[in-house]
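The values are calculated or read from the model by the stated rules, or taken from the named source; none is laboratory data. All of these numbers come straight from a predicted model, not from anything done at the bench. Reconstructed Cβ throughout: ideal geometry from the backbone, glycine too, with neighbour counts over all protein chains shown.
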Amino acid sequence: MAGIKEWSDYELSLPGNAACGGCPSTMALRTVGKALGENAVMIMTPSCAVASIGLLPKSAYDIPTLNICFAGAGVSASAVVNAFEIAHEKGRFEGEVPTVFNWTGDGGTYDIGLQSLSAAAERNDNILHFCYNNEAYSNTGIQRSGATMQFAQTTTTPGGKPNPKKNLAQIMLEHRVPYVATASIADLQDLYRKVEKAKAIQGFKYIEIHAPCFTAWKFAAADTVEIARLAVKSGAWLLWEANEDVITFQGATKQIAEGKKEPEALEEYLSAQGRFNKLLKSPDREENLAQLKADLARELALIKHRAAFKG
Amino acid sequence: MNKFDTNKSRNDSYFPLAVPVKGAGGLTGSWRTHRPVLDHDKCVGCDICWLYCPDGVIARGTQKIDYDYCKGCGVCEKECPTNAIRMETEE
């Protein structure tokens, strides 16, 4: 693995973009850009990443970027890559076919974008789908999404979300695609390695990046990376990759999965954010915390069983 | 000819829509309430600040901070392993 000293100087997300200071999306996008290089086309569904582009005639992203409708990330990327591959076959352009990738939030992946994404995965089109998962519709005013953690407050669930989140990475894995990975902004070197690996694979690739959003989760902008780190250490976010159905764990998740380390206290992760205030102060606190922990333990057990399963 | 006057255009080609350029959201340095200040004596040049800076305003190697665009989020101060960056209140 290349150390950060050997990484490219290329900046995909340029300074002076319109994202909030401390935005995990632009932070992750910089690393993704360094791993993918300049020869790429980005497709975005409505999200903060689109709002960060800035105003015409300027764009904050250094590569061709298409803003498409919310439900269409999968199908749009499929169309673009198919057009490139056909044009390349016919000799319309020289050089390598650009990497076509989606940069979507959890809305464009978990909820609104799911059907076209699922179809693209099933067709095994040669695209790379990124979900930067900030566990809410942060761009439109922090509504709940399918990725929001249970008991988290959002503007549409002011008393805390009643339902647990979807396990989308495993749903994507069951599409039998060549590469599925979860990453976090807590470990950008790990993200870089995963993107580099995915770039070289032919077929559908899915990478989900845990991206704590300080405006939605209610913590100080400076703590963005620290919160992401706490999520991994407490087992609230798991780092794994599935390459051709061989599942491996990374970082703190590896130590937890191998039983070398106990996950750190979940309460520390939750109390660092404002969105769990009602859970932490509620009379059912212990009961709800126990349920949350049981859910996270179930998720870990499920992926461990999946890793051991040889079909 | 070029009504999209920018300080960067790839292959001098004409972009009908938007051109990638620094400062697409304006001079975002004006958003700042706290300014990161680097202590060169403590800095070991590990480039962790460059890696985690969400806006890419810290130069690699020299750790020079571009105050025109730095939004002052403070991630660099938190992540610096040697505490070489300190956030100071903006005048």
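Quick notes
- Residue match in the stretch A:18-38 (condition: more than 29 Å from residue B:30 (Cα to Cα), more than 14 Å from every other protein chain (Cβ to nearest Cβ) and touching a residue at least 24 places away in the same chain (Cβ under 8 Å)): yes
- Checking residue A:224 against (1) surrounded by fewer than 24 Cβ atoms within 10 Å (Cβ to Cβ); (2) in contact with a Gly (Cβ under 9 Å, 6 or more places away or on another chain); (3) part of a helix (DSSP H, G or I), the condition it does not meet: (1)
- Condition met for residue A:100 (away from chain B (no Cβ under 13 Å), outside any loop (DSSP other than H, G, I, E, B), at negative phi and touching a residue at least 60 places away in the same chain (Cβ under 8 Å)): yes
- Summed over the stretch A:7-17, the residues that are at the interface with chain B (Cβ under 7 Å from one of its Cβ atoms) and in contact with a Gly (Cβ under 8 Å, 6 or more places away or on another chain) give a count of 6.
- Leading residue by the ranking (farthest from residue A:11 (Cα to Cα)) among those in the stretch A:44-71 that are of a type in the set (Gly, Ala, Ser) and not in a strand (DSSP E or B): A:71
- Any hit, the stretch A:297-311, residues being part of a helix (DSSP H, G or I), within 23 Å of the chain's Cα centre (by Cα), more than 23 Å from residue A:167 (Cβ to Cβ) and small (Gly, Ala, Ser): no
- Qualifying residue in the stretch A:179-188 (condition: in a loop (DSSP other than H, G, I, E, B), touching a Phe, Trp or Tyr at 6+ places or on another chain (Cβ under 9 Å) and in contact (Cβ under 8 Å) with a residue 12 or more places away in the chain): yes
- Screening the candidates B:60, B:86 for the property of being of a type in the set (Lys, Arg) and either in a loop (DSSP other than H, G, I, E, B) or facing chain A (nearest Cβ under 7 Å) (or both) yields one hit, B:60.
- The numbered conditions (1) over 23 Å from residue A:230 (Cα atoms); (2) touching a helix residue (DSSP H, G or I) at 6+ places or on another chain (Cβ under 8 Å); (3) surrounded by fewer than 21 Cβ atoms within 10 Å (Cβ to Cβ); (4) modelled with pLDDT under 95 are all true for residue A:164 except (1).
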